[in-house]
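K.L.:
Would you mind keeping the following structure in view while I ask a few things?
The values are calculated or read from the model by the stated rules, or taken from the named source; none is laboratory data. All values reported here derive from a predicted model rather than from experimental measurement. Glycine gets a Cβ as well: all are built from the backbone with ideal geometry, and neighbour counts include every protein chain shown.
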Amino acid sequence: MPEVDWAVPTLPGEMVTLRPIEAADADDLWLGVSDPEGRRQTGETDVRTREEVAEWAATAAELEGRYDWAMCTEGRRMVGEIALEHIDLTSRRADVRLLTNPGHRGRGYGREAIMLVLGFAFETPDAGGLGLHRVGLEVLSLNPRAAALYQSLGFVVEGRVREAYLDSERYYDSIRMGMLEDEYAGARASWR
């Protein structure tokens, strides 16, 4: 496996800056992970206590094999989190996961955060990135707005797992999407 620096870099954007998650983010993280609508849209079924979230926030920046960022607006206000996880440097692939906190959805923060993470993922190591070949994600069929966002950024639908998530008494499909390094170059040009 190639050598990599697992220190979480700060990635500045126009609307948001992605910075390493820190212990002081515990309350804002709790808002996101305990929000019923956010949990529903992402299919999150694990229940965490406030103490578990605080413990994770204190150590998130030190975890190897993944990068976790706080999505922050001006003044370091955390409006969500984004992660590059399941990183396989040998196969040069990873998954991205995004959660925008209640009250901050639909403002373009998630879009910009994804673009910043994709830049880090696909840029070569000598340019400060990971040099990945593929970044994937999963979106639920009950969240067509998120699926449209990912497609507008250049993600391609690769498959569907039927009735993979139960929401109350109804099942929803999981839609697998991905972007390859050559697709990133073309997609990036269209973002401007």
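K.L.:
Please work out which one of (1) modelled with pLDDT of 80 or more; (2) over 30 Å from ASP173 (Cβ atoms); (3) of a type outside the set (D, E, K, R) is the condition VAL16 fails and give its number.
P.N.:
(2)
K.L.:
Taking the stretch 106-142, which residues are closer than 21 Å to GLN41 by Cα, aliphatic (A, V, I, L, M) and over 15 Å from the mean Cα position of the chain (by Cα)?
P.N.:
Listed by number, the list holds a single entry, LEU142.
K.L.:
Identify the single condition in (1) hydrophobic (A, V, I, L, M, F, W, C); (2) at pLDDT below 95; (3) assigned to a strand (DSSP E or B) that MET177 does not satisfy, given that it satisfies every other one.
P.N.:
Failed condition: (2).
K.L.:
Follow-up. Give the residue that is surrounded by the fewest Cβ atoms within 10 Å (Cβ to Cβ), with candidates limited to residues of the stretch 1-36 that are out of contact with any Phe, Trp or Tyr (no Cβ under 8 Å at 6 or more places or on another chain), part of a loop (DSSP other than H, G, I, E, B) and not acidic (Asp, Glu).
P.N.:
Filtering the stretch 1-36 for residues out of contact with any Phe, Trp or Tyr (no Cβ under 8 Å at 6 or more places or on another chain) gives 1-5, 7, 10, 12-14, 17, 22-28, 30-36.
Filter again for part of a loop (DSSP other than H, G, I, E, B), leaving 1-5, 7, 10, 13-14, 22, 34-35.
So of that shortlist, the ones also not acidic (Asp, Glu) come out as 1-2, 4, 7, 10, 13, 34.
Values: MET1: 6, PRO2: 9, VAL4: 13, ALA7: 10, THR10: 11, GLY13: 16, SER34: 16.
Among residues in the stretch 1-36 that are out of contact with any Phe, Trp or Tyr (no Cβ under 8 Å at 6 or more places or on another chain), part of a loop (DSSP other than H, G, I, E, B) and not acidic (Asp, Glu), the one surrounded by the fewest Cβ atoms within 10 Å (Cβ to Cβ) is MET1.
K.L.:
Filter the stretch 153-163 down to residues that are buried (at least 16 other Cβ atoms within 10 Å of the Cβ) and either in a strand (DSSP E or B) or of a type in the set (Gly, Ala, Ser) (or both), then give me how many there are. Give the steps one after another, and end with the answer.
P.N.:
So the first thing to find is which residues in the stretch 153-163 are buried (at least 16 other Cβ atoms within 10 Å of the Cβ), and the list is 153-155.
Among the residues that remain, those that are also either in a strand (DSSP E or B) or of a type in the set (Gly, Ala, Ser) (or both) are: 154.
Selection size over the stretch 153-163: 1.
K.L.:
Which of the residues spanning the stretch 163-186 are under 29 Å from ARG92 (Cβ atoms) and in contact with a Ser or Thr (Cβ under 9 Å, 6 or more places away or on another chain)? Step through it out loud before you land on a result.
P.N.:
First pass over the stretch 163-186, keeping only residues under 29 Å from ARG92 (Cβ atoms): 164-165, 173-186.
The answer is ALA164, TYR165, ASP173, SER174, ILE175.
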